[in-house]
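I have placed the structure first, in the form of structure tokens, so that the comments after it can refer back to it.
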There are 2 protein chains.
Amino acid sequence: MKDVAEAAGVSPMTVSRAFKRDASVSAETREKILKAADELGYVFDATASNLRSQRTGFVAAIIPSINNANFADTVRALSACLSEHDLQILLGYTDYQIEEEERLISQMLRRRPEAIVLTGGKHTERARDLLSNAGIPVIETWDLPERPIGHVVGFSNAAAMKDMVDRLVADGYRRIGFIGGDDKGDTRGADRRRGVVSALGAHGLDTTRLIAAGAPPISMREGARAMARMLEHYPDTEVVICVSDLSAYGALTECQRRGLRVPDDIAIVGFGNYEISDVSVPTISTIDACSAEIGRVTAELIAELVDGAKPAGKARVIPVHPKLLLRESSARR
Amino acid sequence: MKDVAEAAGVSPMTVSRAFKRDASVSAETREKILKAADELGYVFDATASNLRSQRTGFVAAIIPSINNANFADTVRALSACLSEHDLQILLGYTDYQIEEEERLISQMLRRRPEAIVLTGGKHTERARDLLSNAGIPVIETWDLPERPIGHVVGFSNAAAMKDMVDRLVADGYRRIGFIGGDDKGDTRGADRRRGVVSALGAHGLDTTRLIAAGAPPISMREGARAMARMLEHYPDTEVVICVSDLSAYGALTECQRRGLRVPDDIAIVGFGNYEISDVSVPTISTIDACSAEIGRVTAELIAELVDGAKPAGKARVIPVHPKLLLRESSARR
DNA sequence: TTGAAAGCGCTAACAT
DNA sequence: ATGTTAGCGCTTTCAA
């Protein structure tokens, strides 16, 4: 920057200002400086800037898996909105393990992010401590934690499933099974399972038709395998609720390979409104989790908190509202 | 760090050493220091460390889309291998636009990454300049560029498609169509289309059965729409090659909705070995692009280049070898 | 194994 | 609108 200053015949401070958007530099001077910088091949050093200004422009975002279209949608929306405020995402993924989340949090805080976004409301105690003491906004998403660390943008996975069960029961379904949500790592999956079981109980229905799908990520293959076991153990099941659309699609293929008609012989529903659920034959009933909305709302919240015009204020809980999408796979004959 | 030093009764320099892995600090002193740091809630400041040591531990990685399982697999493997060398990914995505790629590159270089990974070999001239002058290893992936900027880890999309066409022709297919690859943004898709057309030409077959799928990301829905047009314009087509498994699956569903049997009435093949291609009914023939291998190999290359034991050396081209996976959707009756 | 001095490249704060 | 001074929190370098 010193070199650029010399080349342009100004002080380093003026060069610094010329590289800021709102700084007070005459248009003429700025042009001269940018030209000099370009000729010298100068590249602004954000590291030094961050240290001196104590602002990094980073927002840490931690998701369970990078290879999940729902979380990808959230991150994409988050990233797009944040970039309008000159904020950049520092992405990490936990492989559905809170110990790994703790490690990531501890690592990322060293980079001095200006806010941190988490997926879910279950964390190690040390992670909670680190976050509470970090002095930056913490936003938990994709859940409504009982004991929030800071802000929340999300929904109750259990309540979403209750709505689905209520609807299926209203449609006349009685023998209802569930696939997945057995592993502790996938806390949202476990919440969905709990929601289904408790809703079934409330209707006085059988709550034992539960099939494990193993450790997350629960994908299509696991869904197919679990459906095979469902059909063996509970062959008279009328509708199978799956922890996600991916497992629901896998379950659907298992039925197709066995010559079972969906929904005529057995109905299937999923969760997440992945693209496949609206394209497959039959299309799959699901719940839209508002992935992108979660990202957008979170970004807006962060922009507001980081701009720092307001005096912190207290932690907010912003609910989003999943939507039931009834499609061919659970249509009553 | 000064506070920690005082609390532990040592100099800041010793604290600094205690936080390094290999530094020479007596076990006793280190323990004392870590305890003091923990009690004070001290969090190491990577920003200052980066500035002084001129090492950030960042590797910039730019992919077309975060919501693509192939690129996600590459990034996951890259990230996992890099973290063993204390390197962290700074992820950006271009939405398949090289102008956006240029903007991202320029932004990311300010953060002083120690290497930069790109997807594809097509970039703006300014992007090429920025990268050439950045003084860090540049690795282009998922392609074999004619004019590489630095290192390359990838394969020829056109050659991969030639193999597929050759195989289909050997299986007796003659009227072969292609869906996608029409938009300039998806350069790998365009390469695949070129590869198909040129291979068809070499066999003396009809090269006009090309259906546009629009701007990327080409997903299931676009595949279904394109298949509808293929069936209208070229109803006697024997096999349809799709730019990816997602569009291939979409194409498959369009056939199913029309009552066409795959592969008996029409065969379909895809690209990328996405999970769906091995689960759908029928399973979809495809080409495995070695997504994870690209990430792993790239990470190993970077680790070697960044450790800096060697004196730079010249740019390397490391080919990976896509594999034909023939499945039900193109099985000859 | 530990410490002291200097400075990485930028910008906050103040002055003009 | 521009310049000067000081220093962000570490680590390199040298010394003991």
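The values are calculated or read from the model by the stated rules, or taken from the named source; none is laboratory data. Computed from a predicted structure; not experimentally measured. For neighbour counting, all protein chains shown are included, and Cβ atoms are generated from backbone atoms with ideal geometry for every residue, glycine included.
The residue of the range B:220-255 that is nearest to B:Asp288 (Cα to Cα), among those that are surrounded by 24 or more Cβ atoms within 10 Å (Cβ to Cβ) and small (Gly, Ala, Ser), is B:Ser244. Number of residues in the range A:24-40 that are in contact with a helix residue (DSSP H, G or I) (Cβ under 9 Å, 6 or more places away or on another chain) and either among the polar types (S, T, N, Q) or near DNA strand C (Cβ under 9 Å from one of its atoms) (or both) equals 2.
Within 11 Å of DNA strand C (Cβ to nearest atom) and within 23 Å of A:Asn50 (Cα to Cα), is that true of B:Ser53? So B:Ser53 fits the description; yes.
Among residues that are without any contact (Cβ under 8 Å) to a residue 12 or more places away in the chain and either at the interface with chain A (Cβ under 9 Å from one of its Cβ atoms) or more than 9 Å from DNA strand C (Cβ to nearest atom) (or both), B:Val43 is included.
Candidates are the residues of the range A:180-189 that are out of contact with any helix residue (DSSP H, G or I) (no Cβ under 7 Å at 6 or more places or on another chain) and farther than 19 Å from A:Ala251 by Cβ; the one that is surrounded by the most Cβ atoms within 10 Å (Cβ to Cβ) is A:Thr187.
Residues of the range A:9-23 that are more than 40 Å from the chain's Cα centre (by Cα), small (Gly, Ala, Ser) and within 13 Å of DNA strand C (Cβ to nearest atom): A:Ser11 alone. Number of residues in the range A:51-73 that are outside any loop (DSSP other than H, G, I, E, B) and either away from DNA strand D (no atom under 15 Å from the Cβ) or crowded, with 22+ Cβ neighbours inside 10 Å (or both): the value is 11. The set of residues in the range A:205-247 being among the β-branched types (Val, Ile, Thr) and closer than 20 Å to A:Ser330 by Cα consists of A:Thr207, A:Ile211, A:Thr237, A:Val239, A:Val240, A:Ile241, A:Val243. Is there a residue being of a type outside the set (Phe, Trp, Tyr), within 16 Å of DNA strand C (Cβ to nearest atom) and over 15 Å from the mean Cα position of the chain (by Cα) anywhere in the range A:57-73? Yes; the residues of the range A:57-73 include at least one that is of a type outside the set (Phe, Trp, Tyr), within 16 Å of DNA strand C (Cβ to nearest atom) and over 15 Å from the mean Cα position of the chain (by Cα).
Comparison of B:Gly120, B:Gly201 shows that the only residue that is over 21 Å from B:Ser285 (Cα atoms), touching a Ser or Thr at 6+ places or on another chain (Cβ under 6 Å) and in the same structural domain as B:Ala228 (by TED's automatic domain parsing) is B:Gly201.
Among the residues examined, A:Met227 qualifies as touching a residue at least 40 places away in the same chain (Cβ under 8 Å) and farther than 20 Å from A:Gln97 by Cβ.
The residues of the range B:17-42 that are part of a helix (DSSP H, G or I) and loosely packed, with under 12 Cβ neighbours inside 10 Å, listed by number, are B:Ala27, B:Glu28, B:Asp38, B:Glu39. With respect to the conditions (1) more than 16 Å from DNA strand D (Cβ to nearest atom); (2) out of contact with any Gly (no Cβ under 8 Å at 6 or more places or on another chain); (3) within 12 Å of chain B (Cβ to nearest Cβ), A:Glu99 lacks only one, and its number is (3). Taking the criterion of being away from chain A (no Cβ under 11 Å) and over 16 Å from the mean Cα position of the chain (by Cα), the residues of the range B:76-96 that qualify are B:Glu84, B:His85, B:Leu87.
When the range B:19-36 is limited to residues that are within 25 Å of A:Thr47 (Cα to Cα) and out of contact with any Asp or Glu (no Cβ under 9 Å at 6 or more places or on another chain), the one that is farthest from DNA strand D (Cβ to nearest atom) turns out to be B:Asp22.
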